[in-house]
Every structure is written in C-alpha cells, then in structure tokens.
Ligand SMILES: Nc1ncnc2c1ncn2[C@@H]1O[C@H](COP(=O)(O)OP(=O)(O)OP(=O)(O)O)[C@@H](O)[C@H]1O
Ligand SMILES: [Mg+2]
C-alpha cells in the first residue's frame, strides 16, 4: 500500500470532510464534469505559496480544518440592505430557503435552483464550459461538490429593471458551503444581479461560490458582488464570464469585511465591440486577508475594458491585487485600462499589487497604474484648518478615494450602504 | 483680538521663530513683510496649528483663549482663518461639500443651528459673486486643476463663507494679475469691520494700495524687527531689506 505524505494526508482529510458535508452534489447528475473535477483534485496538489497565483495567500488553515454541513434555517431579514427593491432570494448555508425567498414573476425571466435546473435539463450545453478551461484546484472542488445554487435565464430582448438579490447567509461552526450559480442573459436582454454574502460574528465557515455568466450579443449584465462576512470565514469566490459582440458586462466586487477572502474574476471578451467594466474595493481591518485576482482576456478586436480597484489597508491586514489583461494576437484596436490604487493606513499593513499585461497585438491602447501610498496628511490638515474635525476630514478623503468605484454601483441603496460601511470601517 | 508674546517655534530642530511678539486689535489690518525664508509662513502655520512645527516657547492668544493649546479645527472654529500660500488640491472632494462640512462643524461648535440647504446655497451664490469665482469652480474638486489665481480666489471665497474674526492671508497676492488682485482686495475690503482683523503677508507694496493696512511689520530671522505705518511699505519697496538687515546686525 502506498504511504501518503503529510500534505497528502491533509488533502485527503479535507476532501473527505467536504464530501461528507456535501452529500448530494449537483455533479452527481453530470458524470463527465464530475470525473474531470475529481481527477484534478486527485492529481494536483493543494496550491501553496510557491505557486505564482497563491504567492501571498495561504490555504494551510483552510485545508487543515474539517468542515461540516450547516443548518438550513436562520432568519435572514436583518441582513438585507433596505430599499434595494429586488426579488430577494435566500440561501442559508448553501441551501435554498423558499420561505424567505420571493421568486421573480417577470415574463422571459426564469429563476430556479440549480438542482431543479439540472433535473429540467437546462444545464446541458454550457454548464462548466468556462471553468473547465483552467484546472484550478478550488474550482474543481466547487464543480465536484457544489450542492446547489441559483440558475437564472433571461430571454432575448427582455429588460428587467428590478434586481435579483441573492443573499448568501452562512451560520454555525466550521460550516462548509459549496455553491454554484449559472446566469445566462440572451441577446439584447438586460439584467442586474446582486450577490450579497453575510454572516454573523462568531461564525466560522468555508464558503466556495462559483458563478458562470454568459452575456450574449448586445445584452447588458450587471453583477454587484458584496462581501460582508463577520466571524472567521474563508471565502472563496470565482466568476467566469463570457461575453459576445456588442454586449456589456459590468461587475463590482466590494469586500466590506472578511477574515480570509480570495476573489477570482475571469472574463472572456469573445466578440467585437464589447464593453467590460470591473470595479472593486476592499478595506481590510485587524488581521483580515483580502486577495483579488482578476483576468480580462481580449480575444477579438474593437473592445474596451476598464478596471478600477481601490483599497484601504489598515491595522495588521493584508490585501493582494493581481490584474491580468491578455490582448490576443487577433484583438487589434483593443482599449484596455487598469488602475489599482491603495492607501496603507498602518505600518503593519501589507499591500501586494501586481498588474500583468500580456499584449500580443500591436495596434492597441493599454494602460495600467498601480499606486500604494499613505493618507494625504496635507489634505487632512487643510480640511481641519477650515474647521472640519479630524474624523470627518478623513471620512471625506476616504469617500473621495473610493468615489469612482462606489459611483459605479448600479443600485443607489446598495451604493449608499457600501459607502457607509466603508466609512465606518475607516473610522474604527 | 490676537496677542503673540515671545513666540519660539522650530521645525526639524531648526529654530525659525525666535521670540516673535505682535498684538492685533479688533478691526485692524496688519501687513507683514520680510525677505524670503524669514519665517512669515511659519508664523501663519504655527498660528493655524500645523503639527509639523514645534512651539518651544512663548504664547499666542485669540480673544484671551490659548491658541497653542487647541487643535487646528478648533482654532478655525474659534474664528481663525488662514489663506494658504500654497493651497492643496484635494481630488474627489467638491468645494461645495467641503464647505458644507466646514460650516456644519463650525456652527455646531458655536451652538448655532445648521444652515438650511437653501440658505447655504444662497450664501455660496453671494460669496462666490463677491470674489467673481466661476460657479463651475465651486462644484469642482477642491483646487484640483485650478490655476494659481483661481486657487487664491478660492481661498478668499472660503474666507468669505466662513466669516472668521481673524484672517491671515499668506501671499494671497502673489501671482495675481492686477484685475484678480483688485477682486481679491475687494473681497477683503467688503469683509472689513470693527470686529474683524486681518494679517496680510506680502512681498509687494502694490497689494497695500488696495488693502490699506493700519500697521506694517518687517519680519526678519524669526522676529519682528521693525514696525511702522503704511509708509514703511513704500520705503521697503524702494530700498529693499538691506538697510533693515544692517540695522539689526548693528
Ligand atoms: N521642513 C523644513 N525643514 C527645515 N527648514 C524648513 C522646513 N520648512 C521650512 N524651513 C525653513 O524655515 C524658514 C522659514 O520659512 P518660511 O516658509 O516661514 O519663510 P517665508 O518668510 O514665508 O518665506 P517666503 O517669503 O519665501 O514665503 C526657511 O529658511 C525655510 O527654509
Ligand atoms: Mg511664505
């Protein structure tokens, strides 16, 4: 019999725990996807800081723990951002809560659980087609073990102005949540989805959520991702998006709090004349660790992408930004813009920022900027010299710093909520 | 109004103010002149509460209250205003929001009810007209992309909005063309009153034709070495500072 090394033993134990917590994964109904995912989990080691993609983010603690299935019930009322005016859909510990959800009743819009969608044969064609392109270990984990999630399909030429508001509430001690959404916006349609992840103080959990987004010709899709989890949550969030010609894909990733957060955002711009906007903001406090990895892949000419990530890093926290932009040989006339700006508020805080532009076409306009600095104390002094208290002065400057990201949020109530939370954090 | 007695202040262990004394009574306008590096801006900064400077001796009182003991914001709330020689740009903070926040905090400190939105806008209109500041500039980010002259006018606009009892103007005239200079002077003169005092720091007698001072002082090596009336400014313009330096070293 083969003797397992210590790291392999850990991996086995971790996977055993996840398998027990996720007894009936969706992939049971998709043999090929499941087999491919299991093969990746078996053959590849758990990523370590030796690999470039995980250089600053350790998974040791997350892997070293045994995670369990969570309870299916908890009142979610207090977690909703008021006045977003969406269709509220609640998942508690990854399990759909029908009683607390209001299913949309708009013509052309289909919303159901992934389990139901799978049964109804709605996931056959494209499901997993984007995530499979890269055999990331944690994405494979999601494919193998995701128990449920939300399926959204919007028919061509349908504009829905009310957002779908997906609330992911995590509770309990050492809870495992592996969830997967699939969103398809057909030609010329228009949709906004809010994904809000929350948990109460004292919770501990591993949350792995993967989204697949398909945005068809001339469609517009807004995805507002808000992470606001208290407690000791390891949150692993991945979006894979593909857009085709004349479409617009806008995503905001706002991390208001999180013990350990890893966001992977991957966008394939696969049609002419697409617009892609990626905005992000994070403000870690205490010992929080927030890592944003983004990738925009320009495959086709005449597209424009615009990326702005802003961070305020405090106390002993760490933030990581890695922004890849590929401009493939065919993607002439691409306009790609990227900016990552950070304010580091304490000597013990760490910020790692790395733009990575790989440009293989010659007739393109690409720019990127990465700045990490301190608060502008001269500006604080100027404001104070006009009678503004020090606290309010700093608030004004924080607000100004994140304004372009906040202003991009498509829902006013959500924007105000995020801004208030960020300001609360800055003054803590 | 303002009483400064034997003030000493240093920055990074260099003593810049070396026993400066000055008294400004209500309604008076004092001009301070002096060669580059003599400590004029340092005096303004120390009075405004810039924490880069360390006060090592002496006192400064505003209407009997110890200024040096107060934070920068409280000095402003007590009625001190400094028009900066080099106003900073603050991207993303609009002039209007910034002034609204300032007035709110100042009025709260003085136990005054907050201004209504319409009263506030009325005030903005009136005061920006006074210094002929383009309405667009009041909505833009504080000083961002403003020309040198616009920045200075914006300082006077802020002064007019906040209605201080003591205003210190640090080279507000530098870099202004004659028309802008007249506008700024008009703004200041309109605000002159028996209860309000001004300290005008300048290199040029020209400004003092428009803002006529009651007293003129020469600051040299961190001390006021000569005081007189407005004629002193004319004399300095003509003869420069060498004769004063000689007097001091003699
Ligand atoms: N950070 C600093 N470290 C050391 N010396 C400084 C610092 N800042 C200013 N000084 C010095 O303090 C002295 C006074 O400067 P201050 O700005 O008060 O002069 P000023 O009279 O306003 O001159 P100007 O007419 O050029 O505006 C100068 O010699 C200057 O070099
Ligand atoms: Mg000066």
Review point. How are the C-alpha pair distances of region A:377-428 spread across 5 Å bins, as whole percents from the shortest bin up?
Key: 4, 21, 27, 19, 15, 8, 4, 0
Review point. To the nearest 10 degrees, how steep is helix B:230-239 against the longest Cα principal axis of chain B, on a 0 to 90 scale?
Key: 60 degrees
Review point. What's the Kirkwood radius of region A:204-325 in Å, using all Cα pairs?
Key: 14.7 Å
Practice item. Let me know the mean shielding of B:82-94 by other chains, meaning the per-residue number of their Cβ atoms within 10 Å of its Cβ. Key: 5
Study note, to complete from the structure: With the convex hull built on the alpha-carbon atoms of region A:319-381, volume per residue in Å³ sits at 78 Å³
Practice item. In square nanometres and to one decimal, what's the mean projected area of the convex hull around the Cα atoms of region A:255-354? Key: 5.7 nm²
Review point. In whole angstrom, how far apart do the alpha carbon centroids of region A:163-207 and region B:1-43 sit?
Key: 62 Å
Point to revise | Equivalent ellipsoid, region B:126-219 (semi-axes from 5 times Cα gyration tensor eigenvalues, Å) | key: 22, 15, 11
Point to revise | Cα coordinate range in region A:115-184, projected on the principal axes (Å, largest first) | key: 43, 30, 23
Point to revise | Evaluated at q = 0.14, 0.28 Å⁻¹: base-10 log I(q)/I(0), Debye formula over Cα of region B:1-70 | key: -0.40, -1.45
Revision key, fill the gap. What the Cα atoms of region B:60-125 span along the principal axes, largest first and in whole Å, is 36, 31, 17
Practice item. Would you compute, for the Cα atoms of region B:195-250, the largest minus smallest coordinate along each principal axis and list the three values in descending order, in whole Å? Key: 39, 23, 15
Exercise for review: Quick one, can you get me the convex hull of the C-alpha atoms of region A:305-422 expressed as volume per residue in Å³?
Suggested key: 128 Å³
Point to revise | Two-decimal ratio, the protein assembly as shown, of alpha-carbon radius of gyration to 2.2 N^0.38 Å | key: 1.20
Study note, to complete from the structure: Cα gyration tensor of chain B diagonalised, 5x eigenvalues square-rooted, in angstrom largest first, produces semi-axes 30, 21, 16
Exercise for review: Give the value in nm², to one decimal: projected area of the alpha carbon convex hull of region B:25-162, averaged over all directions.
Suggested key: 9.9 nm²
Review point. Percent antiparallel among DSSP beta bridges with both residues in the protein assembly as shown, to the nearest 5?
Key: 20 percent
Practice item. Return the ratio Rg/(2.2 N^0.38 Å) for region A:6-270, where Rg is computed over Cα atoms only. Key: 0.96
Review point. So for B:223, B:153, fewest C-beta neighbours within 10 Å to most, what's the order?
Key: B:223, B:153
Review point. Between A:156, A:144, A:216, which gets the highest mean-square fluctuation from a Gaussian network model of chain A, Cα cutoff 10 Å?
Key: A:156
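No value in this document is a laboratory result; all are computed from the given coordinates. Since this is a predicted model, take the numbers as computed values, not measurements. Note that we place each Cβ from the backbone using ideal geometry, even for glycine, and neighbour counts take in every protein chain shown.
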